[in-house]
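A.B. asks: The structure follows.
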Amino acid sequence: MPAGRVGEGSGGALFSGDCAIPKRSTIVDVAELAGVSIKTVSRALNDAPHVSTDARERVRAAAAKLDYHPNIAAQSLIARRSYLIGLTYERPSPSYVVELQNGALARLEDSRFRLVVLPFRDVANRPTELGRLLVRAGLDGVVLAPPACDQDDLLEMLDRQKVPYARITPHREMARGIVATIDEVAAGHAIAAHLLSLGHRRIGIIMGDPSHAACAARMEGYRRAFAEAGAEIDDHLIVTGDFTYDVGYAVAADLLRRAPQPTAILAQNDDMAVAAMAAVRDRGMAVPADVSVAGFDDSEVSRTAWPQLTTVRQPVSELAWDATDRLIAALETERDGSSKDAASPAPRGDHAHELFVRGSTAPPR
């Protein structure tokens, strides 16, 4: 056959020269092989109700034999859904972003849903702009990481537009919508109590971005630990960062120039803590011999730093997985027309923190 002729021969396979492109199996092929209607195939593959066990098994067997995979775009048109789940966050550390995305992607790996990542800056001052972005994206639902999870204007807009959402570690209106959270006050208490138990009293504190409610919660935990130890926090040793390495380094260097110098630095995430370790070394001192350093998150950088970083684990990946899972369960319950009863997905998941004591902390000299 001359090159360029298309569509002839071999049972419908497409040819261009000597190269054959096999025909892709369709829902019609599955229906014919299973001996059911196209509508039954669609229902069976979408786990819809009102399909007999026998028909469902025949459809799945036929689909497997034909290596048939449903077309997401076609499913979207039929179901009037996009099968898109959004994930939005604001300027956190790179390790936090990776953990967030990994958790959500792990939950969606074997599902028909796909993830749309929507980073957004300055959420606290532009919540309605973020809301418009999320509404225009045509999402079936959205996972809101801090600080979007605590923005009332944003939540009200999503409620009005009927865009389902799940919130990761919110600190207000905990009964509103789907929530995956940890007790950040208790986590902050744990890491501060560790430094105090070693004998540190002059502890420099690097706060995160104040628009994140988690910063105040962790600070409350620090204050409780100090009170229990009969110690006072020196407000002169509290500085504000923004969860990034560069700003963490700058404010840590400033702390180390103050007299008397702190014997320990407590940072509200691992990126700023690792930056503080670098600032200590750049002043010709050692961690932890001269200054102990502790962080928050137990991100990958805490384990690759030297010495390894003492930190408290915030299970970011598990939180993202759980929030995404509960959101999808709610969407599927709504699709199936289920009533909100005992079988409905639980709207809240509480996760535990864990203290990891590593080489970056020791008693003061």
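The values are calculated or read from the model by the stated rules, or taken from the named source; none is laboratory data. Keep in mind that this is a model prediction, so the values were computed, not measured. Reconstructed Cβ throughout: ideal geometry from the backbone, glycine too, with neighbour counts over all protein chains shown. In case anyone asks, the SASA skips ligands and DNA or RNA and just uses the protein heavy atoms, side chains included. Shrake-Rupley method; radii C 1.70, N 1.55, O 1.52, S 1.80 Å.
A.B. asks: Classify the stretch 254-316 as rounded, prolate or oblate from the Cα gyration tensor: take a ≥ b ≥ c as the square roots of its eigenvalues, call it rounded if a/c is under 1.5, otherwise prolate when a/b beats b/c and oblate if not.
C.D. replies: Prolate, since a/c reaches 1.5 and a/b exceeds b/c.
A.B. asks: Also: According to a simple spin-label model (label point 7 Å from Cα along Cα-to-Cβ), what is the distance in nm between R132 and S25?
C.D. replies: 4.7
A.B. asks: Of all alpha-carbon pairs in the chain, indicate the percentage at a distance above 39 angstrom.
C.D. replies: Values: 22851 of 66430 pairs.
For the chain, the share of Cα pairs beyond 39 Å comes to 34 percent.
A.B. asks: Still on this structure, I have one more. Using only alpha carbons, build the gyration tensor for the stretch 189-239 and give me the equivalent ellipsoid semi-axes, biggest first, whole Å.
C.D. replies: The equivalent ellipsoid of the stretch 189-239 has semi-axes of 19, 12, 9 Å.
A.B. asks: Grab the alpha carbons of the stretch 245-365, take their convex hull, and tell me the volume per residue in Å³.
C.D. replies: 123
A.B. asks: Further, regarding this structure: Using per-residue counts of other Cβ atoms within 10 Å, averaged over each peptide, order 200-212, 303-315 from highest down. The partial results should precede the final answer.
C.D. replies: Numbers: 200-212: 21.8, 303-315: 20.2.
Peptide ranking by packing, descending: 200-212, 303-315.
A.B. asks: Mind listing the long-range amide H neighbours of M207? Cut-off is under 5 Å, sequence gap 5 or more, other chains count too, H placed in the peptide plane at 1.01 Å from N.
C.D. replies: V239, T240, G241
A.B. asks: On to the next question. If you roll a 1.4 Å probe over the heavy atoms of the protein chains, what accessible area per residue do you get for the chain, in Å²?
C.D. replies: 47
A.B. asks: Using only helices, what value at 222 nm comes out for the chain when you add -39,500 (n - 2.57) per DSSP H run of length 4 or more and divide by the total residues, to the nearest 500 deg cm²/dmol?
C.D. replies: The per-residue figure over the chain is -13000 deg cm²/dmol.
A.B. asks: Here is a further query. Going from most exposed to least, what order do L133, L327 have by accessible area with a 1.4 Å probe?
C.D. replies: Numbers: L133 55, L327 0 Å².
From most accessible down to least: L133, L327.
A.B. asks: Quickly work out the E57-to-L355 label distance, labels modelled 7 Å from Cα along the C-beta direction, and quote it in nm with one decimal.
C.D. replies: So the two model labels end up 5.5 nm from each other.
A.B. asks: A further question on this structure: Along the Cα-to-Cβ line of N102, 7 Å from the Cα, sits a label point; which residues in the stretch 268-296 have backbone N less than 17 Å from it?
C.D. replies: It comes to 270-271, 296, nothing else.
A.B. asks: Grab the other residues whose beta carbon is less than 15 angstrom from that of Q261, score K and R as +1, D and E as -1, and report the net.
C.D. replies: In short, +3.
A.B. asks: Here's a follow-up. Work out which GluC sites (Glu not before Pro) in the chain are exposed loop sites (DSSP not H, G, I, E or B, at most 10 other Cβ within 10 Å) and give the longest gap free of them.
C.D. replies: By the stated rule (loop sites, at most 10 other Cβ atoms within 10 Å), 233-365.
A.B. asks: Between A216 and A175, what is the spin-label point distance in nm, taking each point 7 Å from the Cα along the Cα→C-beta axis?
C.D. replies: Output for this residue pair reads 2.1 nm.
A.B. asks: Taking θ as phi - 60°, what are the ³J(HN,Hα) couplings along the stretch 348-356 by the Karplus curve (6.51, -1.76, 1.60), each to the nearest whole Hz, with x for Gly and Pro?
C.D. replies: Values per residue, Gly and Pro as x: 9, x, 9, 10, 8, 9, 8, 8, 10 Hz.
A.B. asks: Can you send over the carbon and sulfur percentage of the accessible area for the stretch 232-307, probe radius 1.4 Å, protein chains only?
C.D. replies: Carbon and sulfur together cover 51 percent of it.
A.B. asks: So how do 139-145, 269-275 stack up, highest first, on mean other-Cβ count within 10 Å?
C.D. replies: 269-275, 139-145
A.B. asks: Once R0 is set to 25 Å, what does the formula 1/(1 + (r/R0)^6) return for the Cβ-Cβ distance between K65 and V116, expressed as a FRET efficiency to the nearest 0.05?
C.D. replies: Computed FRET efficiency for K65 and V116: 0.15.
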